[in-house]
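Contents: one structure, followed by commentary.
Every number in this text was worked out from the coordinates using simple rules, so none of it is lab data. A quick note: this is a predicted structure, and the numbers were derived from the prediction, not measured. We place every Cβ from the backbone using ideal geometry, glycine too, and count neighbours over all the protein chains shown.
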Amino acid sequence: MGWVTERRRVIRIRDGAVSTRPDTLVAEEPLEIRLGGKPLAITMRTPGDDFALAAGFLVSEGVLASAGELANIVYCAGATGEGGSNSYNVVDVRLAEGVPVPDITLERNVYTTSSCGLCGKASLDAVRTTTRWPLDTSPETPVRIEPATLSALPDRLRSAQRVFERTGGLHAAALFTTDGELLDIREDVGRHNAVDKIVGRALQQGQLPLSSCVLMVSGRASFELVQKAVMAGIPVLAAVSAPSSLAVDLAVETGLTLVGFLRGASMNVYAGEHRLALSAAASTD
């Protein structure tokens, strides 16, 4: 198995003083995801929770929705590195008997990166047509969260990031209750991978849909992260940075509550404000 961190020699310059020291870096390696033996996607990720990452990716693609639809996930014995040892960089997902295997065409094959992830119109169409748990868009929805609870999430996310403290080079995704209780947290060089690991673990544990949870992510809120939240049935997505225009469009369309620039007591609510317990009516300029 790959290491989450690696050590490298660096030359450190501080106030004109030069020294040599070892530095701890986050590991980044490719992971090929196969479905029924056929290549489906390659992503750059931090090793660890690879099976959960693959399962979560297939949830976001509309292939899986419950643990019963998953037969198993294995590392491919043919993934060999130098000396013939298994590189643990290829996983094969097998669906349960009777679960249809989607036609994997060239257009569906996906290359993802740790920085961006999966993008494209095909994914937008997939969200519109295959999500199995439409979000409740009623103003009387039982999922409600206090702004003060949201405000506390970034610090709780950061304090739970164990590898980030050593490397400064990891994103994180965390799952909270609407009362702010931390349920799970995963770290990765890619935001989308961290979310896939969260969702995949929930699928493996039979917890989908995550209809009473809040997903908190470091960095920005991209279209893909909104997609993954919607496909897992998560009603609230919060990010410490900005959302993209397409992320907001998809949040509005699907009924997701999308919060950006969540820093301290300040935040911007871009969609789904009916889930926030606001003390006063919002004003418009």
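List, in order, the whole-Hz ³J(HN,Hα) value for each residue of the range 60-70 obtained from phi through the Karplus relation with A = 6.51, B = -1.76, C = 1.60 and θ = phi - 60°; use x for Gly and Pro.
Here the 3J(HN,Hα) series is 5, 8, x, 7, 10, 9, 8, 4, x, 8, 9 Hz.
Contour minus end-to-end for residue 23 and residue 183, with contour as 0.36 nm per residue of separation and end-to-end as the Cα-Cα distance?
Taking residue 23 through residue 183 to full extension adds about 54.5 nm, to one decimal.
Could you run the Debye sum over the Cα atoms of the range 207-269, one equal point scatterer each and no solvent, and tell me log10 of I(q)/I(0) at q = 0.14, 0.22 Å⁻¹, two decimals?
Here log10 of I(q) over I(0) equals -0.33, -0.79.
Taking θ as phi - 60°, what are the ³J(HN,Hα) couplings along the range 25-31 by the Karplus curve (6.51, -1.76, 1.60), each to the nearest whole Hz, with x for Gly and Pro?
10, 6, 6, 9, 9, x, 10
Let me see the P(r) profile for the range 147-275: every Cα-Cα distance counted, bins of 5 Å, each bin given as a percent of all pairs.
2, 12, 24, 26, 22, 10, 3, 0
Sorting check: for 250-263, 37-50, which peptide has the highest mean count of neighbouring beta carbons within 10 Å, and how do the rest follow? Present the calculation step by step, with values, prior to reporting the outcome.
Values: 250-263: 21.1, 37-50: 19.5.
So the order, starting with the most tightly packed, is 250-263, 37-50.
Would you mind checking which residues have amide H under 5 Å from residue 34's amide H? H placed 1.01 Å from N; only 5 or more apart, or other chain.
For residue 34, whose amide H was placed from the backbone, the distant partners under 5 Å are 40, 91, 92, 93.
Local charge sum around residue 22 (other residues, Cβ-Cβ under 11 Å, Lys/Arg +1, Asp/Glu -1)? All intermediate terms of the calculation are to be shown ahead of the outcome.
Details: positive: 7, 8, 9, 12, 21; negative: 6, 23.
That sum, taken over residues with Cβ under 11 Å, equals +3.
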